[in-house]
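Taken together, the values in this text are just the output of simple stated rules run on the coordinates, not laboratory data. Because the structure is a prediction, the values reported are computed rather than measured. Backbone-built Cβ (ideal geometry, glycine too); neighbour counts: all protein chains shown.
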Amino acid sequence: MNEKTKNILGLLSILTVIISVVFFFIMRGPNANLTLGISVFTVLSVLGIIFAIISKKVWFVIIGIVLNGAVLIIAYFLLLAVGISEP
């Protein structure tokens, strides 16, 4: 795999975090569909982690896994809160 492909995959990893943050601010409100939000956060963060690992550049791997892992943890806590709040 050449350097250009590694850079693109690393940037895609960081882009998934940015998309997650933008999606969070767009979907918030009292009538937000939390199941959709949890699904989008989970899919984007798993894709971001995969992109980071495939890029094989140390900088992108560390930043991609840390940031996408944080989004995944937030999605987990959101899933936990939804589970607690429903009867």
Restricting the stretch 36-56 to residues that are over 8 Å from the mean Cα position of the chain (by Cα) and surrounded by fewer than 16 Cβ atoms within 10 Å (Cβ to Cβ), the one farthest from ASN2 (Cα to Cα) turns out to be LEU36
Cβ-Cβ under 6 Å pairs, at least 6 apart or on other chains, the stretch 33-49 side in contact (Cβ under 8 Å) with a residue 24 or more places away in the chain, far side among the small types (Gly, Ala, Ser): ILE38/ALA75; PHE41/SER20; PHE41/ALA75; THR42/ALA75; LEU44/SER20; GLY48/SER13; GLY48/GLY64
By residue number, the members of the stretch 32-42 that are part of a helix (DSSP H, G or I) and more than 11 Å from ASN68 (Cβ to Cβ) are LEU34, THR35, LEU36, GLY37, ILE38, SER39, VAL40
Six or more apart or on different chains, Cβ atoms under 6 Å: show the pairs whose first residue is in the stretch 1-16 and closer than 14 Å to ILE63 by Cβ and whose second is aliphatic (A, V, I, L, M) and assigned to a helix (DSSP H, G or I). LEU9/ILE54; SER13/ALA52; THR16/LEU44; THR16/LEU47
With the requirement that a residue be under 21 Å from GLY83 (Cβ atoms), in contact with a Leu (Cβ under 7 Å, 6 or more places away or on another chain) and among the aliphatic types (A, V, I, L, M), what does the stretch 1-42 give you? LEU34, ILE38
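Assess whether VAL22 counts as being within 15 Å of the chain's Cα centre (by Cα), of a type in the set (Val, Ile, Thr) and exposed (fewer than 12 other Cβ atoms within 10 Å of the Cβ).
So VAL22 fits the description; yes.
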Read through the list (1) surrounded by fewer than 18 Cβ atoms within 10 Å (Cβ to Cβ); (2) in a helix (DSSP H, G or I), then give the number of the only condition that GLY29 fails. (2)
